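Worksheet for the structure shown next.
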Amino acid sequence: MRASRSFRWSLVVFLMIGVGISSVPDCAHAVTGHARAVQTAIGDTLHPATTALADTGPLGGPHDARDASLLHWTIPSLLTGDVLHATTIGWEDHVASEASLRHLVLSIAGTTITADFVMARAKAAADPAAAGTSVVEGLNVNGLPIVATGEPNQRIDLPGGYLVINEQQRASGRTAVNALHLVVTGVADVVIASAIASL
């Protein structure tokens, strides 16, 4: 009788420990960070030719850090830039990502976009909530100066497409920021300075 009762108590304790372990959040799978200075998709939407420059790749989990940089880069007949840099860092309770470049010259489908400096930042933390910002200095579109207001998702319509400045997508504990996002329908999809953070 005592052996049976002891077995039952052992089983209850074992089950309680199992439930406690399964209820602990898995931070390693919750942490997400990624940053890249440039991403291009050229051609039709089904089979575009894609290129990524200064791309950190995704974080492997908390306590991971990744960075990528290039002093100068040219994608022939599309864009040039220098001092491309991207970094993403994860901790148990927050994630920070940043991407930037200088001296951007982007030309496609009759549209030329230039900027002295472009940067995107994204942060996710338990408190405060996820946040993102971008900096775009010296922006010109087809020779006309454009003021980046700092407001999220500032849109400029262009022949055959559009440009979004400080493009932001937010959800609970997650933010994604693209400093510049150019879309020319059926021709190109180009993101300059992209940062993602999620917790």
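With contacts defined as alpha carbon pairs under 8 Å and 6 or more residues apart, what's the relative contact order of the stretch 30-198 in percent?
It rounds to 23 percent for the stretch 30-198.
Could you list Arg66, Arg36 in order of exposure, starting from the residue whose Cβ has the fewest other Cβ atoms within 10 Å?
Arg66, Arg36
Length gain on complete extension for the stretch Ser77 to Asp116, per 0.36 nm per residue less the alpha carbon to alpha carbon distance?
Additional length available on full extension: 12.1 nm.
Sticking with the crude label model, points 7 Å out along Cα→Cβ, report the distance from Glu137 to Ala109 in nm, one decimal please.
With each label point 7 Å from Cα toward Cβ, the separation is 3.1 nm.
Using the Cα centre of the stretch 50-199 as the reference point, and only Cβ charges (+1 on K/R, -1 on D/E), how large is the resulting charge dipole? Debye, rounded to the nearest 20.
180 debye
Output the direction-averaged projected area (hull surface divided by four) of the convex hull of the alpha-carbon atoms of the stretch 30-198, in nm².
About 9.3 nm², averaged over all directions.
Give the order of Ser100, Ser107, Ser172, Ser198 when sorted by the count of other beta carbons within 10 angstrom, beginning with the fewest.
In increasing order of surrounding Cβ atoms, one gets Ser172, Ser107, Ser198, Ser100.
Sorted from fewest to most neighbouring beta carbons within 10 Å, what does the list Ile192, Ile165, Ile42 look like?
Ranking Ile192, Ile165, Ile42 by Cβ neighbours within 10 Å, fewest first, gives Ile42, Ile165, Ile192.
Every number here is computed from the coordinates shown, using simple stated rules; none is lab data. Only a predicted model underlies this, so the values are computations on that prediction, with no experimental measurement involved. As a convention, Cβ positions derive from the backbone with ideal geometry for all residues, glycine included, and neighbour counts pool all protein chains shown.
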